[in-house]
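The values are calculated or read from the model by the stated rules, or taken from the named source; none is laboratory data. Here the structure is a predicted model, which is why all the values come from computation and not from measurement. As a convention, Cβ positions derive from the backbone with ideal geometry for all residues, glycine included, and neighbour counts pool all protein chains shown. Heavy atoms of the whole protein, side chains included, go into the accessibility calculation; ligands, DNA and RNA do not. Shrake-Rupley method; radii C 1.70, N 1.55, O 1.52, S 1.80 Å.
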Amino acid sequence: MGLFFRARTWSGEPELREPAKCIQWKFWDPAALPDDLVPYTRVVMAGIRAGRLYSETGWA
């Protein structure tokens, strides 16, 4: 299960604290996400942009 949260406000810069698990943190324009994005993350981002509070993928 992956949980995603939408931040309404933010200050500062993202900081990578688990380099063995993650390559980088970076802010992306939701309309211009990178091609190599994890597929379920793309589903969630599309749901958020469409105003949906819940998305699921990978279930039959």
Worksheet item: Within the set of pairs 6 or more residues apart or between chains, which connect a residue that is aliphatic (A, V, I, L, M) inside segment 33-52 to a residue that is assigned to a helix (DSSP H, G or I) with Cβ atoms less than 9 Å apart?
Response: Leu33/Thr41; Leu33/Arg42; Leu33/Met45; Leu37/Met45
Discussion item. I'd like the residue in segment 19-47 that is in contact with a Pro (Cβ under 9 Å, 6 or more places away or on another chain) and at pLDDT below 90 and, out of all such residues, is farthest from Phe4 (Cα to Cα).
Written reply: Gln24
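Can you pull out the residues in segment 20-29 that are of a type outside the set (A, V, I, L, M, F, W, C) and open to solvent by 100 Å² or more (accessible area, probe 1.4 Å)?
Going through segment 20-29, the residues of a type outside the set (A, V, I, L, M, F, W, C) turn out to be 21, 24, 26, 29.
Result: Lys21, Gln24, Lys26.
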Worksheet item: In segment 30-60, which residues are open to solvent by 90 Å² or more (accessible area, probe 1.4 Å) and in a loop (DSSP other than H, G, I, E, B)?
Response: Asp35, Asp36, Arg52, Leu53, Tyr54, Glu56, Trp59, Ala60
